[in-house]
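The values are calculated or read from the model by the stated rules, or taken from the named source; none is laboratory data. Please read these numbers as outputs of a predicted model, since none were measured by experiment. FYI the Cβ positions are ideal-geometry reconstructions off the backbone, even for glycines, and counts take in every protein chain you see.
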Amino acid sequence: MIVNWYRYSSPISFYPLAGRLARVFGVLAVVFTLAGLYIGLIVAPTDATQGDAYRIIFLHVPTAWMAMFIYLVMAFWSALALGFNTRLSAMMAQALAPTGALMAALALWSGAFWGRPTWGTYWAWDARMTSTLILLFLYLGIIALRNAIDDPRRADRACALLALVGAVNVPIIYFSVQWWNTLHQGSSISLTAAPKMAMTMLEGLLVMTAGVWSYCIAVTLARVRAIIVERERGAGWVASLIAPQGAR
Amino acid sequence: MSPTAVPQPDAASVSAAFAWALGRDLRIALRSKAELGVQLMFYVIVVSLFPLASSPSREVLATLGPGVLWTAALLASLLSLPRLFAADFGDGTLEQIALSPRPLPALVSGKMAAHWLTTGLPVAVLAPLLGEQYAMDGTELWILAAALLLGTPILSLLGAIGATLTLGARGGGSLLALLVLPLYAPVLIFGAGAVDAVRSGLSAGPQLSLLAAGLLLALVGTPFAVAAAVRIALD
């Protein structure tokens, strides 16, 4: 069966699809997260060196991965938005930014609470923490630029360009921070030499990643629906969509 | 947009466009010398505040020095960015520039070059003098100047993208800082790292090479990004 993808580049046909997908991924997110938390908090054994504090990685690692991955996805939709001038691609990029910022903030937050018992400090200028912090700034910059421009179409293209410039910079920032870190700090604080993970821990991590990923997809699709309705409120199909409630 | 086909830009029209924009912006800058002086004074004052905030001891200042001189250079570049396009955007000149048949990337490159010559270059020349205040010696001062000469053009180039994107947007300066400063991070790391490397007896070669590589990348990429951003701003 050949799917006509172009059909879904129009908000009117994407809106109901996004609703269905958001529900599916919302359910998946709940199922995976509950299973992941069960494996992570109950099945997985206590770590020999870190005690029970390590269990925060079941939230920390998936959010850190998602923070980076969502930036790539956002840059992809931004490139489509600039290249083909499609409204929906820009709306997808717009819908992804807050979730990406949330993931970066959660990764930093959970990392701080893992660092306190393990490293003895909430914040160390570790390479990954520093680059995640800069990634959070990039997300916030894109959101702020969006809010500062009144014309949504202009905001679309400005944010898309900024996201692409940021995407070129993210690897440079990442490697420069890593290099800076190795020059300035001993490798005493390093996770790269972490002991081998127990199989159940890895399982829990992967299941939680599936849960967080599904959550991101569900929330982004729900948000893109809200954006579509807000932006297309002048269009007839949106008017008929909201008419039953609005008429009374 | 226009029904007539625009001729493909050749080398002559590219360099003519670059030279025209460079000459125009330099002329404007040199006719308001006071403004340039104020920007330079900003750099001097920020750099002079750090010893007051920490300690006048030579060891502390030697540790802080490269970071302070570079952070202040970032802030000075940031403060001068609105000058790049805001006035031309406000009085409609930018629209005329974008409408001209000359290639827009070359025109904005000329403006960015003028911006660097009037802001980045003076900072790079002045920094070794201020380095004296931070207990730097001969080689370190040379490396500081070399790193700033390679790094400040990157600041002007990357900053130009942010300056164009925020044209006509609310929030002005602080929004610009939020967009641009994270992108400046690698320049800061390599720039301040060059002086640190010399101080700890290593070669500054890797840092300077990486700065030069970054400069080349920015030189190739940003004119097109800024031209695209100008078209977005004029939509």
Original post:
Do we have residue B:177 as of a type in the set (Gly, Ala, Ser), within 12 Å of chain A (Cβ to nearest Cβ) and not in a helix (DSSP H, G or I) here?
Top reply: no
**OP:** Taking the residues in region A:145-182 that are small (Gly, Ala, Ser) and at the interface with another protein chain (Cβ under 8 Å from one of its Cβ atoms) as candidates, determine which candidate is nearest to residue B:179 (Cα to Cα).
**Re:** A:166
**OP:** Pairs only if they're at least six apart or on different chains, beta carbon under 6 angstrom, first in region A:36-55 and under 14 Å from residue A:113 (Cα atoms), second part of a loop (DSSP other than H, G, I, E, B) and not aromatic (Phe, Trp, Tyr); list them, first residue then second.
**Re:** A:52/A:46
**OP:** May I ask you to list the residues in region A:213-228 that are closer than 17 Å to residue A:33 by Cβ and either among the β-branched types (Val, Ile, Thr) or free of Cβ contacts under 8 Å to residues at least 40 places away in the same chain (or both)?
**Re:** A:217, A:219, A:220
Original post:
What is the one condition in (1) more than 13 Å from the chain's Cα centre (by Cα); (2) modelled with pLDDT of 90 or more; (3) surrounded by 19 or more Cβ atoms within 10 Å (Cβ to Cβ) that residue B:109 does not satisfy?
Top reply: (1)
**OP:** Please tell me if residue B:161 is assigned to a helix (DSSP H, G or I), buried (at least 22 other Cβ atoms within 10 Å of the Cβ) and more than 8 Å from every other protein chain (Cβ to nearest Cβ).
**Re:** no
Subject >> Search result, residues across region B:180-219 that are free of Cβ contacts under 8 Å to residues at least 12 places away in the same chain and away from chain A (no Cβ under 11 Å) >> reply: B:201, B:203, B:205, B:209, B:216
Subject >> Leading residue by the ranking (surrounded by the most Cβ atoms within 10 Å (Cβ to Cβ)) among those in region B:220-230 that are free of Cβ contacts under 8 Å to residues at least 24 places away in the same chain and of a type in the set (Gly, Ala, Ser) >> reply: B:228
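Pick from A:78, A:110, A:89: which is part of a helix (DSSP H, G or I), within 14 Å of chain B (Cβ to nearest Cβ) and among the hydroxyl-bearing types (Ser, Thr, Tyr)?
Matching residue, one of A:78, A:110, A:89: A:78.
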**OP:** Would you check which residues across region B:186-202 are surrounded by fewer than 21 Cβ atoms within 10 Å (Cβ to Cβ) and under 16 Å from residue B:154 (Cα atoms) and list them?
**Re:** B:188
Original post:
Do we find that residue A:142 is out of contact with any Asp or Glu (no Cβ under 8 Å at 6 or more places or on another chain), more than 14 Å from chain B (Cβ to nearest Cβ), in contact (Cβ under 8 Å) with a residue 12 or more places away in the chain and not hydroxyl-bearing (Ser, Thr, Tyr) in this structure?
Top reply: no
Original post:
Which one of B:166, B:222 is within 14 Å of the chain's Cα centre (by Cα) and either at the interface with chain A (Cβ under 7 Å from one of its Cβ atoms) or of a type outside the set (A, V, I, L, M) (or both)?
Top reply: B:222
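Inside region A:114-173, can you point out the residues that are outside any helix (DSSP H, G or I) and among the β-branched types (Val, Ile, Thr)? Show your work before the answer.
Of the residues in region A:114-173, the ones outside any helix (DSSP H, G or I) are A:120-126, A:149-151.
Those that are outside any helix (DSSP H, G or I) and among the β-branched types (Val, Ile, Thr): A:121, A:149.
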**OP:** Give me a count of the residues in region B:132-156 that are within 18 Å of residue B:41 (Cα to Cα) and either buried (at least 24 other Cβ atoms within 10 Å of the Cβ) or acidic (Asp, Glu) (or both).
**Re:** 4
Original post:
Counting only residues that are under 25 Å from residue A:164 (Cβ atoms) and of a type in the set (Val, Ile, Thr), how many does region A:84-132 have?
Top reply: 4
Original post:
Out of (1) more than 15 Å from the chain's Cα centre (by Cα); (2) under 22 Å from residue A:175 (Cβ atoms); (3) within 10 Å of chain B (Cβ to nearest Cβ), what's the single condition that is false for residue A:134?
Top reply: (1)
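Per-residue answers, yes or no, for (1) modelled with pLDDT of 85 or more; (2) closer than 30 Å to residue B:57 by Cα; (3) hydroxyl-bearing (Ser, Thr, Tyr):
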{"site": "B:136", "(1), (2), (3)": "no, yes, no"}
{"site": "B:140", "(1), (2), (3)": "yes, yes, no"}
{"site": "B:165", "(1), (2), (3)": "yes, no, no"}
{"site": "B:191", "(1), (2), (3)": "yes, yes, no"}
{"site": "B:209", "(1), (2), (3)": "yes, no, yes"}
{"site": "B:215", "(1), (2), (3)": "yes, no, no"}
**OP:** Determine whether region B:127-141 contains at least one residue that is touching a Pro at 6+ places or on another chain (Cβ under 6 Å) and assigned to a helix (DSSP H, G or I).
**Re:** yes
Subject >> residue A:63 crowded, with 23+ Cβ neighbours inside 10 Å and more than 14 Å from chain B (Cβ to nearest Cβ) >> reply: yes
